[in-house]
Amino acid sequence: MIIQQAALAQGLLGKEKTVQLREGEMFPAKVVKMLPNGMAELSTGTTTIVAKLEVPLQSGERYWFRVTSADDGIQLQVVALPMAGSENIGKMAKELLLQLSLPLTKENKAFVEMMMKEKLPLTKELIIKAGEWLAKGTLSEGLQVIKTMIDHSLPMSKDIFQPLMTAYSPASLAALTKELSSRLQQLEQPPAAATAIIKLLKEWQQPLEKHLVQRVAAAVIEQLFSTDKPSAVQTAAFDLVKSWGIVPKTAENIEDALIQIVRQWSKEQSQPGQLPIENRSTPLKEAISQLVQQPADKASLQRVEQLLSAAARSAEKNAVEPLMTEVKSIMEGVKGKAVSDEQLAALFKTAAKVSIQQNQPHEAIHQLASLFNKEAEEVVQLIRNETAALHSSSLSALSKKDVLFQQIILAAENEIQLHFSAKEAHSLIKDTFRLLGVDLESMLNADIGETEVEKMLKPQLLRLLHENIPVHVRESAEQLLGRMTAQSLLSAENGPLQQLVMQVPVNLFGFHTELTLQWSGKKTEDGQLDADYCRVLFYLNLENIKETVIDMQVQNRIIQLHIFNETPGLKEAAAELIPVLKAGIEDKGYQLSSIQFKQPQKAVLQAPLAQAMEAQPYEGVDIRV
């Protein structure tokens with residue numbers, strides 16, 4: 001038959017899509033009715049086609065057609081005749097494979113049968129590719145991956161198929177990173193990318209280190225700058241930071257040290273030295289330096305006040321008001337006149353306080369380190385070394401500065417373990433996601449610095465795979481990279497819905513697990529995720545209650561929670577925590593409507609990324625996750 005029009009009659013089609021017929025493509029269509037002059041109306045389910053028949057076909061029957069090229073238009077060839085009942089799909093698949101001269105392997109047959117059941121188009125090339133892919137793994141999982149690729153309109157390529165297959169791996173991200181790290185450390189001459197990966201994975205092994213460093217640095221600053229501390233404590237704190245080399249050794253006291261440091265800033269800007277200036281400079285530091293040089297400049301004054309205030313507002317709630325008061329006081333003292341040495345030291349102290357109390361440890365340490373002309377990693381290493389030295393020393397050998405540091409580090413460690421806050425949990429997840437570099441492509445579009453890219457795992461894995469490395473190392477790297485890439489592939493628009501899938505390894509006080517989050521919802525008119533109407537699934541494997549799924553449904557900022565877990569008595573054990581949870585939700589502007597505890601079905605606790613992959617696509621009726 002020869003198609004005279006590829007798509008007809010908008011009245012018939014409505015909002016349905018126009019079929020795109022490609023040479024070699026095979027698709028099912030139903031003969032709707034016969035028309036005069038040997039014409040027939042065919043329906044593919046989404047599009048109506050009018051075609052001229054060269055062979056008689058039965059109205060009401062469904063056939064499989066193949067698009068072939070013809071001089072006078074696109075010609076359709078019948079490749080599979082109608083057979084009654086779904087049990088005959090196997091026979092149809094066999095007939096089609098024979099016509100295409102393709103081997104009757106179980107992979108080819110299973111793939112063609114699946115496509116026929118789903119009424120999805122086929123090509124000979126696609127059958128060949130799919131058969132090769134399916135032969136290298138579990139058949140059922142491979143079929144689901146291919147269906148996901150079709151549902152999400154992803155390219156039919158091996159580079160897409162392989163990462164999605166990793167979603168079914170029972171190995172956690174933590175296990176994958178541990179295996180890769182172990183294999184890389186066994187290399188006799190590791191490439192630069194391998195060394196960088198080992199360093200990054202060691203950083204992940206100590207996820208709370210920056211939180212600890214932030215607390216320690218904040219406590220040292222408090223002891224160093226506070227006016228109501230005994231002089232002996234201030235002297236010990238000053239000796240401590242002097243031993244770290246972050247204040248000039250020639251300084252007689254902390255005020256003298258701070259004045260020397262600020263005076264050094266202007267020299268640093270003109271003579272960067274060995275360190276890249278972007279690593280030790282911040283807008284706040286530059287603004288203060290500008291103000292010192294041009295105290296009468298209103299723009300410089302306003303810029304300093306804005307930056308100090310912004311940093312103060314990002315601190316813990318109970319610290320915001322005192323910090324804002326201090327900012328206001330110090331700025332009143334320096335308005336419109338030359339900055340004295342005393343005011344210079346006071347300005348530095350305020351900048352240090354607001355910097356170290358910011359809600360992101362990574363940024364807080366960076367801000368504080370820059371004020372002392374250091375890099376963040378230098379400060380982390382200094383505290384790391386001091387802690388190690390303390391543990392290897394006897395109590396009798398400790399100096400006053402060592403005793404002070406011991407008190408600070410013990411208090412910080414206890415506080416983290418006993419009072420690990422939601423803010424810190426959020427920061428931990430954010431830092432881990434940044435370390436992985438899962439969202440690397442969008443970060444590159446945002447034009448982040450090369451230094452930041454170097455601190456991410458994904459680009460280092462890509463570099464490693466371009467090196468000449470042993471097969472077992474390559475397999476580990478590909479498995480880990482595939483798991484990360486799968487998240488990006490599954491995070492996409494699906495009809496009017498947006499889906500985000502995130503999976504991060506979590507290391508809490510020595511317990512290794514991972515968190516998987518699946519967010520489904522619409523976007524607002526300005527392109528932002530609509531937090532008022534959405535559904536979020538959390539997949540967790542916890543130390544004591546094991547596998548847990550939390551289904552959070554949000555409608556007009558009203559939240560319903562469904563918690564799936566097999567632990568007996570969990571509802572009763574959680575009862576005393578629900579009021580705290582409710583208060584926390586209300587503090588964020590939401591309302592908790594209900595919490596239900598349910599026993600999971602077997603399928604519920606399948607691999608989290610596999611569940612996200614098998615989520616039904618949007619069909620214009622409701623959200624199914």
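Residues in region 98-109 carry Karplus couplings, in order, of 5, 4, 8, 6, 10, x, 8, 6, 5, 5, 4, 5 Hz; the curve used is 6.51 cos²θ - 1.76 cosθ + 1.60 with θ = phi - 60°, and Gly or Pro positions show x.
Packing, taken as the mean count of other beta carbons within 10 Å per residue, orders the peptides 512-519, 499-506 from highest to lowest as 499-506, 512-519. Taking each of Lys349/Lys374; Lys328/Lys349; Lys33/Lys109; Lys423/Lys588 in turn, the alpha-carbon distance tops 21 angstrom for Lys33/Lys109. State whether region 205-271 is rounded, prolate or oblate according to the following rule on the C-alpha gyration tensor (a ≥ b ≥ c being the square roots of its eigenvalues): a/c under 1.5 gives rounded; otherwise a/b larger than b/c gives prolate, and the remaining case gives oblate. Because a/c hits 1.5 or more and a/b fails to exceed b/c, region 205-271 counts as oblate.
Between Thr227 and Lys522, what's the calculated FRET efficiency when r is the beta-carbon distance and R0 is 56 Å? Round to 0.05. Result of the calculation: an efficiency of 0.55.
Rounded to the nearest Hz, the phi-derived 3J(HN,Hα) couplings of region 245-254 under the Karplus curve 6.51 cos²θ - 1.76 cosθ + 1.60 (θ = phi - 60°) are x, 9, 10, x, 5, 7, 5, 8, 8, 5, where x marks glycine and proline.
FRET efficiency for the Glu252 to Ala411 pair, using the beta carbon distance and R₀ = 22 Å, is estimated at 0.15. Subtracting the Cα-Cα distance of Ala389 and Arg463 from their residue separation scaled by 0.36 nm leaves 23.0 nm. Which label marks the calculated value of semi-axes √(5λ) of the Cα gyration tensor in Å, given the options [x] 61, 26, 25; [y] 52, 26, 22; [z] 62, 38, 25? Derived directly from the coordinates: [x].
Across region 567-572, computed HN-Hα scalar couplings (Karplus, 6.51 cos²θ - 1.76 cosθ + 1.60, θ = phi - 60°) run 5, x, x, 5, 4, 5 Hz from first to last residue, x flagging Gly and Pro. Taking amide H atoms as placed 1.01 Å from N in the peptide plane, the amide H of Leu542 lies under 5 Å from those of Glu547, Thr548, each 5 or more residues away in sequence or on another chain. Please report the spacing between the Cα centers of region 501-535 and region 127-201 in Å, no decimals. Taking the Cα centre of region 127-201 as reference, the centre of region 501-535 is 22 Å away. Modelled label positions at Val403 and Thr235, each set 7 Å beyond Cα in the direction of Cβ, lie 1.2 nm from each other. Amide H contacts of Val506: Thr513, Glu514, Leu515, each under 5 Å away and 5 or more positions distant or on a separate chain (H built 1.01 Å from N in the peptide plane; Pro and chain starts excluded). For the chain, the residue among Gly589, Val403, Pro295 whose Cα projects farthest onto the positive side of the dipole built from Cβ charges is Gly589. Sorting the segments 29-41, 207-219, 122-134 by their residues' average number of neighbouring beta-carbon atoms within 10 angstrom, most packed first, yields 207-219, 122-134, 29-41.
Amide H contacts for Val79 (H built 1.01 Å from N in the peptide plane; partners 5 or more residues away or on another chain; cut-off under 5 Å): Trp64, Phe65, Arg66. The mean accessible area for residues of the chain, using a 1.4 Å probe and ignoring ligands and nucleic acids, is 52 Å² per residue. Ordering of 282-288, 425-431 by packing is 282-288, 425-431, highest average first (other Cβ atoms within 10 Å, averaged per residue). All other residues whose Cβ lies under 15 angstrom from that of Ile198 are scored, Lys and Arg at +1 and Asp and Glu at -1, for a net of +1. Please report the carbon-and-sulfur percent of the accessible area for the chain; probe 1.4 Å, protein heavy atoms only, DNA, RNA and ligands left out. Carbon-and-sulfur percentage of accessible area, whole number: 51. Modelled label positions at Ser43 and Lys91, each set 7 Å beyond Cα in the direction of Cβ, lie 2.5 nm from each other. Between Val55 and Glu576, the modelled labels are 7.8 nm apart [label points 7 Å from Cα along Cα→Cβ].
Please determine, in degrees from 0 to 90 and to the nearest 10, the orientation of helix 139-151 with respect to the longest principal axis defined by the Cα atoms of the chain, where the helix direction is its Cα long axis. On a 0 to 90 degree scale, this one is about 90.
Whole angstrom only: what separates the Cα centroid of region 359-401 from the Cα centroid of region 450-476? Spelled out, the Cα-based centre of one part sits 30 Å from the other. Axis of helix 317-334 versus longest Cα principal axis of the chain: the two differ by about 60°, to the nearest ten degrees. Here the extension length gained between His472 and Asn556 equals 25.2 nm, from 0.36 nm per residue of separation less the Cα-Cα distance.
In the chain, taking the dipole from charged Cβ atoms about the Cα centre, the farthest positive-side position among His562, Val112, Gln417 is held by Val112. Once C-alpha pairs closer than 8 Å and six or more residues apart are averaged by separation and normalised to the residue number of the chain, the relative contact order reads 11 percent. Using the Cβ of Leu291 as centre and a radius below 12 Å, the other residues enclosed give a net charge of +2, where K and R count +1 and D and E count -1. In region 510-551, Cα pairs under 8 Å separated by at least six residues give a relative contact order of 37 percent. Shape verdict for region 76-229, please, from the Cα gyration tensor: rounded (a/c under 1.5), prolate (a/b greater than b/c) or oblate. Judged from the Cα gyration tensor, region 76-229 comes out prolate (a/c at least 1.5, a/b above b/c).
Rounded to the nearest 20 debye, the dipole size of the chain about its Cα centre is 640 debye, using +1 on the Cβ of Lys and Arg and -1 on the Cβ of Asp and Glu.
The values are calculated or read from the model by the stated rules, or taken from the named source; none is laboratory data. Every value quoted in this text rests on a predicted model; they were computed, and no experiment measured them. Positions of Cβ are backbone-derived with ideal geometry, glycine not excepted, and every protein chain shown enters the neighbour counts. Please note that ligands, DNA and RNA were not included when accessible areas were found on the heavy atoms of the full protein model with its side chains. Shrake-Rupley method; radii C 1.70, N 1.55, O 1.52, S 1.80 Å.
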